[in-house]
1. Output the number of residues of the range 35-55 satisfying the condition of being open to solvent by 90 Å² or more (accessible area, probe 1.4 Å) and on the phi < 0 side of the Ramachandran plot.
2. May I ask you to list the residues in the range 147-170 that are over 60 Å from the mean Cα position of the chain (by Cα) and not polar (S, T, N, Q)?
3. Working only within the range 1-34, note down all residues that are open to solvent by 90 Å² or more (accessible area, probe 1.4 Å) and of a type in the set (S, T, N, Q).
4. Restricting attention to the range 70-89, does a residue exist that is farther than 19 Å from residue 34 by Cβ and among the aromatic types (Phe, Trp, Tyr)?
5. Is there a residue in the range 56-77 that is open to solvent by less than 50 Å² (accessible area, probe 1.4 Å), touching a strand residue (DSSP E or B) at 6+ places or on another chain (Cβ under 8 Å), within 22 Å of residue 11 (Cβ to Cβ) and assigned to a helix (DSSP H, G or I)?
Amino acid sequence: MAVYGQQFQLLFEHLPHGLLILDTCGVITYANINAGRMLCCDSVALNNQNFADYLDNKDVFIDYLKESLIPGNNPHFQMQSSYSFNNNTGWWKIDLTYVHSTEHSPFVFVVLDDITSTMHGEQKLIQERERALQATRSKSEFLASVSHEIRTPIHTIMGMSELLADTRLD
């Protein structure tokens, strides 16, 4: 079993996700290498730091954390949060699971995924959609205007032609 413990430790350290273990107050007790990279800090230096301090919407995180600790509530939640610290900004997807067992003290397991590029892509798509809708509105307005400008003289010409056709020329 000790061999598996070492393998799990290596696995946790080198996963492409940020992995954190928090106490029930949200204080970091363990961070893998990728979590340290995502938080722009050495993973050991993250110990005893409050994870919520790294989030822009820390109140939402704290509310979710408190809810997950209540017996009978869902011990798992996901959220997205923007972050901005040390001149770094971006977005994380956060998966949080409250782990409680009679064999150890309760803790909170957090998986971080950097979704900054996904969020920028979504924002770019929204902007492109707005530009396309504006172009469609402009085209419709142009066609309505051109149609009106063409119909008005045609109606005048048709009216004058009818008057001339009905009038005897002497």
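1. 4
2. 159, 160, 162, 163, 164, 165, 166, 168, 169, 170
3. Listed by number, the residues that qualify are 6, 7, 9.
4. Scanning the range 70-89 turns up at least one residue that is farther than 19 Å from residue 34 by Cβ and among the aromatic types (Phe, Trp, Tyr).
5. No, the conditions are met nowhere in the range 56-77.
Residue-by-condition table, conditions (1) loosely packed, with under 10 Cβ neighbours inside 10 Å; (2) closer than 27 Å to residue 63 by Cβ; (3) modelled with pLDDT of 90 or more:
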{"site": "93", "(1), (2), (3)": "no, yes, yes"}
{"site": "101", "(1), (2), (3)": "yes, yes, no"}
{"site": "116", "(1), (2), (3)": "no, yes, no"}
{"site": "133", "(1), (2), (3)": "no, no, no"}
{"site": "139", "(1), (2), (3)": "no, no, no"}
{"site": "148", "(1), (2), (3)": "yes, no, no"}
{"site": "155", "(1), (2), (3)": "no, no, no"}
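The values are calculated or read from the model by the stated rules, or taken from the named source; none is laboratory data. Given the structure is predicted, the values throughout are model-derived calculations rather than measurements. No Cβ is skipped: glycine too gets one built from the backbone with ideal geometry, and neighbour counts run over all protein chains shown. Ligands, DNA and RNA are excluded from the accessible area calculation, which covers all protein heavy atoms including side chains. Shrake-Rupley method; radii C 1.70, N 1.55, O 1.52, S 1.80 Å.
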